[in-house]
Amino acid sequence: MDRIAIPEGYEDRLAAARAAAAQLPEGPMRDHAVRVLSEAPTRERVAAAAEAAARAGAIAGQLMGAGFDGTDAGRVVWLRLDYTGRLGSLALSPTVDRMSGRAVAKAIEAAWDAAEEARAEHVMRVERIGADLLARCAPDPRSADLREWTARSPERFASGGGEDDVCEAEVTLAGRLTAFRFTVPNITVDTEYEQLAAEASAAIGLAQRRAADRLAALVDAVPR
């Protein structure tokens, strides 16, 4: 079987491809091949594109791999959000048994706000680092409109609904916590702090999943 020799150099490969295209039978296939090869980028543009892609991948990895921690002023609550704002973990201090349910709920809200602030700062920092890459991208009005609409949406999603629920969380369409409360009196005294943290995490997670389901349905309904 005859083997096709492929040149090593970029320009040599283009020249060989153009020569091969010229030998094709006349017709749409040859016309298309000639047109594509005539618009081939230079070696410098190819190298620049590869470098930009590598930088973009590194920046995306830096953003998506980050976690954002938050705590309240009294260090009663520690929680971590991922880069999308979803709850990753939540822990409570053993001292919550000395506090009211309302006070612990407010501490959870305060810790969440601190983590959200850290997340927003990180996103802005990453955007500054990759400003030149973003400037090269073609604007996507659909995505921009969807982000703005999501941020302004008045919809709220709650986790309540079960007879055994001991707490309730409320989030925005974007998944940000807007309210948290314990629904059982003396819950902080009668429940171990680890179990209390697990209940709080489950409530927030359920509310965020409901918001995510609603957002996914809205995205699917938008004309492409």
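Being closer than 21 Å to Glu168 by Cβ, of a type in the set (S, T, N, Q) and under 18 Å from the mean Cα position of the chain (by Cα) is the filter here; which residues of the stretch 81-132 pass it?
Ser89
Within the stretch 67-90, take every residue that is assigned to a loop (DSSP other than H, G, I, E, B), of a type in the set (D, E, K, R) and touching a helix residue (DSSP H, G or I) at 6+ places or on another chain (Cβ under 7 Å) and give me the one that is modelled with the highest pLDDT.
Asp72
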List, please: which pairs have Cβ atoms under 8 Å, are six or more places apart or on different chains, and start with a residue in the stretch 35-54 that is more than 18 Å from Ala19 (Cβ to Cβ) and of a type in the set (A, V, I, L, M) and end with one that is modelled with pLDDT under 70 and part of a helix (DSSP H, G or I)? Ala52/Leu133; Ala52/Arg136
Pull out all pairs, ordered by first then second residue, where Cβ-Cβ is under 9 Å, the residues are six or more apart or on different chains, the first lies in the stretch 78-97 and is at negative phi, and the second is part of a strand (DSSP E or B) and of a type in the set (S, T, N, Q). Trp78/Thr71; Trp78/Ser89; Leu79/Thr71; Leu79/Ser89; Arg80/Ser89
Within the set of pairs 6+ apart or on separate chains, which have a first residue in the stretch 103-115 that is closer than 9 Å to Asp72 by Cβ, a second that is of a type in the set (S, T, N, Q), and C-beta atoms under 7 Å apart? Ala111/Thr71; Ala114/Thr71
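The values are calculated or read from the model by the stated rules, or taken from the named source; none is laboratory data. Quick caveat, the model's predicted, so the values are computed rather than measured. As a convention, Cβ positions derive from the backbone with ideal geometry for all residues, glycine included, and neighbour counts pool all protein chains shown.
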